[in-house]
Number of protein chains: 2
Amino acid sequence: MPKVKQFNRGHVLQEAAHIFRQKGYNGTSIDDILKATGLSRSSLYDSFQDKHNLYLQALEMYKKQENQAYQEVHQKQLNGLEKIELVFSEVVKHLIENPHDNGCLMVNAAAEMSKQCEKTSQVVCNNKDEVQNLFDAWIKDAQKNNLVKLNKPVEFYGQFLYNTLCGLKVLSQSGAAKTELDNVVKVTLAALN
Amino acid sequence: MPKVKQFNRGHVLQEAAHIFRQKGYNGTSIDDILKATGLSRSSLYDSFQDKHNLYLQALEMYKKQENQAYQEVHQKQLNGLEKIELVFSEVVKHLIENPHDNGCLMVNAAAEMSKQCEKTSQVVCNNKDEVQNLFDAWIKDAQKNNLVKLNKPVEFYGQFLYNTLCGLKVLSQSGAAKTELDNVVKVTLAALN
DNA sequence: TAATAAGCGGAACGTATATTCCAAAACTTA
DNA sequence: TAAGTTTTGGAATATACGTTCCGCTTATTA
């Protein structure tokens, strides 16, 4: 009976996330999103309620995708240290790939929205905890295999690695070249010995 | 002859920087700024041209003030390592002091504006270089006094420290408690040994 | 093929926003 | 105290934006 949706919900959120990352929440207009997705105004409001909900859903999807990428690393036949190294090299690669379209929606959300939107704040906070936990697990594994020498509790290093990660995402938006990001990663990894 | 300005230019920029830091550029309206400063519309446009120029001037002032704080540390009778430690403890203290009004205009500018505004991008980039250079100098001093053991070029560590700094400012906007920031600083400083 | 239920295009609305402009107020100096 | 220059208050404007709404279109099923 009913006509079926002519667009893919995931693709729309993907595009929305892309624009929100570039222009921020308040810098992005509904028209920007309509233009980029080809959607009609009514379809958008029908499927995503309003701009604020669209943003939150795009942010959640972004988080889910990042998390999935981490899980893929987690499934690999690598030791904890190698997994950490892989994540950082992939992040740097991703940040550098397109110098004029880099950055991270999660970091930008923390900067622009977390003080004004409780829901955004929670997503950002949950993401932090989840990534740190994954880092913790990898560090423990590396410790078990005598690949690192730590003289502080494991969670210190999970927090430290996550902090480095956030820093890199800011640095890449501050005009840092690849060498600079690489150097930061080198010192960060050396801190585990 | 002329009536003298009824407001202090620095105070206005200070207030503007405060609001821009809280709400971002696009999230802040002229009315927000008028309300916070008590200025009249005409005075604001007379003295600061338009919103975009006001933002840039507020950002420049913010940078100058941060730089001045760094210079004050630089003048102290401390060795390089102590200066680094002092800066980090002051930054953490500052970020934690008011949990609902933390963050950093420079980091937020990098996230929200640097991709869209060349001038913002330049300020952010210059700030990075200046702080890194200062860190470099302090690290060299610490090295001279055998307070640190480094097996990589000095500038690696300047870049690394600046990265940690940016990370802290994102972390504090991601719901991190003081202990967490302290832990990050501890591991960062331990990386210099 | 006809009936049906949802998608869709686009006009319309109200509000918020950045900016301009002008006349009145206010301060300084002679 | 009066003249002159600047500030200042606030009305006015034009535009941009988020959101709603309605009638047409389209795909599905019986």
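The values are calculated or read from the model by the stated rules, or taken from the named source; none is laboratory data. Predicted model, so just to flag it, every value in this text is computed and none were measured. Positions of Cβ are generated from backbone atoms using ideal geometry, with glycine treated the same way; all protein chains shown enter the neighbour counts. Side chains included, ligands, DNA and RNA excluded: accessible areas come from the protein's heavy atoms. Shrake-Rupley method; radii C 1.70, N 1.55, O 1.52, S 1.80 Å.
How many square angstrom of accessible surface are buried between A and B, both sides summed, with a 1.4 Å probe and rounding to 100?
Buried: approximately 3700 Å² between B and A.
When the scattering of segment A:1-111 is computed by the Debye formula from its Cα atoms alone, each counted once and equally, what is log10 I(q)/I(0) at q = 0.20, 0.23 Å⁻¹?
Listed by q, the Debye log ratios stand at -1.07, -1.27.
Distances from B:Asn193 to the same position in the other copies: list them in nm, one decimal, shortest first, using label points 7 Å from Cα along Cα→Cβ.
When each copy's label point is compared with this one, the spacings are 1.8 nm.
Run the numbers on segment A:130-168: which residues show a drop of 40 Å² or more in accessible area, chain on its own versus all protein chains together, using a 1.4 Å probe over heavy atoms?
Those residues are A:Lys152, A:Phe156, A:Gln159, A:Phe160, A:Asn163.
Mind checking A:121-129 for the average number of partner chain beta-carbons within 10 Å of each residue's beta-carbon?
Mean shielding by partner chains, rounded to a whole number: 3.
Semi-axes of the equivalent ellipsoid of segment A:60-190: what are they in whole Å, largest first, if each equals the square root of 5 times a C-alpha gyration tensor eigenvalue?
Computed over segment A:60-190, the values are 24, 18, 14 Å.
Just want to confirm a number: the relative contact order over segment A:60-190, from Cα pairs under 8 angstrom separated by 6+ residues, in percent.
30 percent
Between exposed trypsin sites (Lys or Arg not before Pro) in chain A, where DSSP calls loop and at most 15 other Cβ atoms lie within 10 Å, what's the longest gap?
The longest such stretch corresponds to A:77-148.
How many Cβ atoms of partner chains, on average, are near each residue of B:104-114 if near means within 10 Å of its Cβ?
Mean shielding by partner chains, rounded to a whole number: 6.
Of the accessible area of segment A:60-190, with the probe set at 1.4 angstrom, what percent is carbon plus sulfur?
Reported share for carbon and sulfur atoms: 47 percent.
On a full-extension model of 0.36 nm per residue, what is the gain between A:Arg9 and A:Glu155, subtracting their alpha-carbon distance, rounded to one decimal in nm?
Net length gain for the segment: 48.8 nm.
To the nearest 10 degrees, how steep is helix B:154-171 against the longest Cα principal axis of chain B, on a 0 to 90 scale?
50 degrees
Alpha carbon centre of segment B:45-119 versus segment A:131-193: separation in Å?
Between the Cα centre of segment B:45-119 and that of segment A:131-193, the gap is 25 Å.
Taking only protein heavy atoms and a 1.4 Å probe, what accessible area per residue, in Å², does chain A have with all protein chains in place?
48 Å²
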